[in-house]
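Step one of this worksheet: look at the structure below.
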Amino acid sequence: MNHLTGTVVRLHGHHAWVRSDSAEYMCAVRGKFKQGKRRERSPVVVGDRVTFTPVPESAENEGLLQSIEERHSELYRAHPRFPRQRQVLAANIDLLVIVAGADRLAEQLETVDRLLISAYSQGLTPLLVINKTDLVPREQLQPLLAEYAPVIEIEYVSAERGELGTLKPRFENKTAVFAGPSGVGKSSIMNALEPGLGLRIGHVDKEGEGRHTTTHASLVPMAGGLVIDTPGVRDFGFWNLELHEISLYYPDWQSAREQCRFNTCTHRVEPGCGVKAAVEAGTISQGRYGRYLTILRETWNEQQRLSP
């Protein structure tokens, strides 16, 4: 029986759509992929490289999934309904594109920080894209973003005007995933990068909240590479991170952390804390530190809720 290899481009129910060469196959995800200890609820995800067997004489290009290749990277979080289990959102990613809106940047920076922690803890390369720069002059954004310059590359774009700066070449021969709050224009940016893509764009309500336009992850060719379009991420809970480990994924705090008296310092109440000293000296901003404390507190609350 002939085995083919391909990439999972979307999932629905118990089926995975696999692209092999120029054809797509609807492959049943068999029970063997869901057996064993359930530490995660994502046995097959978009971006997986798989082996499958076409069903003979199938009128709809059907297949049976046989095996999943080892993933070289994953984007995952604590499952929102089963927080003791891991939910993988996408596999085999080269670039995590974090999108924020210039019009609501200040309130979205906590989500940016959460996604940066996830990117660095999972070995992904992050890129920050600020959309809607037609609504807010770039010079007004600089004070909010100055602290991110040593941490992450930043692109300023306006999908509405088709002003994409140097964003497009970044996707050549790469697999990327877009993440960020709903309403920041992820689908608009992708449509601008790849005319004819036709991703649905939802309205933003009077409170500034975007409606989810993507309900399932899908893999689409774009700008010389591939992009995994995921639903809007509002709550990006961490999985299997201890409180003292969270600050390890603030690369700009490394020199300050090295001054801490305790290796497990959470930079909250411990004496001899190098990070708190850096905040007082102004080398770490009050805003970034305050968001860190919020993330720390929310993570602690979640861990307490899950404690036996």
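Below 8 Å, C-alpha to C-alpha, sequence gap of six or more: please give me the relative contact order for the chain in percent. Each step should come with its number before you reach the end.
On the way: 599 pairs, mean separation 44.2, N = 308.
The normalised contact order for the chain reaches 14 percent.
Quick one: putting +1 on the C-beta of Lys and Arg, -1 on the C-beta of Asp and Glu, what dipole do you get for the range 243-306 around its Cα centre, in Debye to the nearest 20?
For the range 243-306, the charge dipole is close to 120 debye.
Sorted by packing (mean other beta-carbon atoms within 10 Å per residue), highest first, where do 266-275, 132-141 land?
On the way: 266-275: 16.7, 132-141: 14.3.
With the highest mean Cβ count within 10 Å placed first, the list reads 266-275, 132-141.
So for the pair Leu293, Lys174, with labels modelled 7 Å out along Cα→Cβ, what separation do we get in nm?
3.5
Along the charge dipole of the range 243-306, which of Gln259, Gly274, Trp300 sits closest to the positive end, that is, farthest toward it, with unit charges on the beta carbon of Lys, Arg, Asp and Glu (+1, +1, -1, -1)?
Sorting the options by dipole projection puts first Trp300.
Could you pull the Rg and Dmax for the chain, using just the Cα atoms, both in Å?
Using the Cα atoms of the chain, the pair Rg, Dmax is 20.9, 71 Å.
Around Gly224, what is the net charge, scoring Lys/Arg as +1 and Asp/Glu as -1 over all other residues with Cβ under 12 Å from its Cβ? If you can, show how the numbers build up before the last one.
Numbers: positive: Lys168, Arg170, Lys174; negative: Glu172, Glu194.
So the environment of Gly224 carries a net charge of +1.
Measuring from label point to label point, each 7 Å out along Cα→Cβ, what is the Ala28 to Ala106 span in nm?
A separation of 5.7 nm, rounded to one decimal place.
So for the pair Glu302, Ala277, with labels modelled 7 Å out along Cα→Cβ, what separation do we get in nm?
Result: 3.2 nm between the two label points.
Return the ratio Rg/(2.2 N^0.38 Å) for the range 4-70, where Rg is computed over Cα atoms only.
On the way: Rg = 11.5 Å, N = 67, 2.2 N^0.38 = 10.9 Å.
So the Cα radius of gyration is 1.05 times the expected 2.2 N^0.38 Å.
Which length gain, in nm to one decimal place, applies between His14 and Glu139 when the Cα-Cα distance is subtracted from 0.36 nm times their residue separation?
Values: separation 125, 0.36 × 125 = 45.00 nm, distance 4.91 nm.
So the chain would gain 40.1 nm between His14 and Glu139.
Apply the Karplus parameterisation 6.51 cos²θ - 1.76 cosθ + 1.60, with θ equal to phi minus 60°, to every residue of the range 152-163 and state each ³J(HN,Hα) to the nearest whole Hz, in sequence, with x for glycine and proline.
Result, ordered by residue: 8, 6, 10, 10, 10, 9, 9, 4, 4, 9, x, 8 Hz.
Give the aspartates and glutamates whose C-alpha is closer than 12 Å to that of Lys186, dropping any in the same chain fewer than 8 places away, or say none.
Answer for Lys186, where 12 Å is the Cα cut-off: Glu160, Asp229, listed by chain and number.
I'd like the Karplus ³J(HN,Hα) series for the range 17-29: coefficients 6.51, -1.76, 1.60, θ = phi - 60°, whole numbers in Hz, and an x wherever there's a Gly or Pro.
Taking θ as phi minus 60°, the curve returns 8, 10, 9, 10, 6, 9, 10, 10, 10, 8, 10, 5, 8 Hz for the range 17-29.
If you take the beta carbon distance between Asn2 and Glu70 as r and set R0 to 22 Å, what does 1/(1 + (r/R0)^6) give as a FRET efficiency, to the nearest 0.05?
Values: r = 23 Å, r/R0 = 1.03.
With R0 = 22 Å, the Cβ-Cβ based efficiency is 0.45.
Nearest 5 percent is fine: what portion of the DSSP beta bridges confined to the chain is antiparallel? Please report the intermediate quantities before stating the final value.
Values: 33 of 56 bridges.
Counting only bridges with both partners in the chain, antiparallel ones make up about 60 percent.
Give the long-range amide H neighbours of Met222: residues separated by 5 or more places, or on another chain, with amide H under 5 Å away, using H modelled in the peptide plane at 1.01 Å from N.
Val227
Readers should treat all values here as calculations from the given coordinates under stated rules, not as data from a laboratory. Quick caveat, the model's predicted, so the values are computed rather than measured. Using ideal geometry, Cβ is built from the backbone for each residue, glycine included, and neighbour counts are taken over all protein chains shown.
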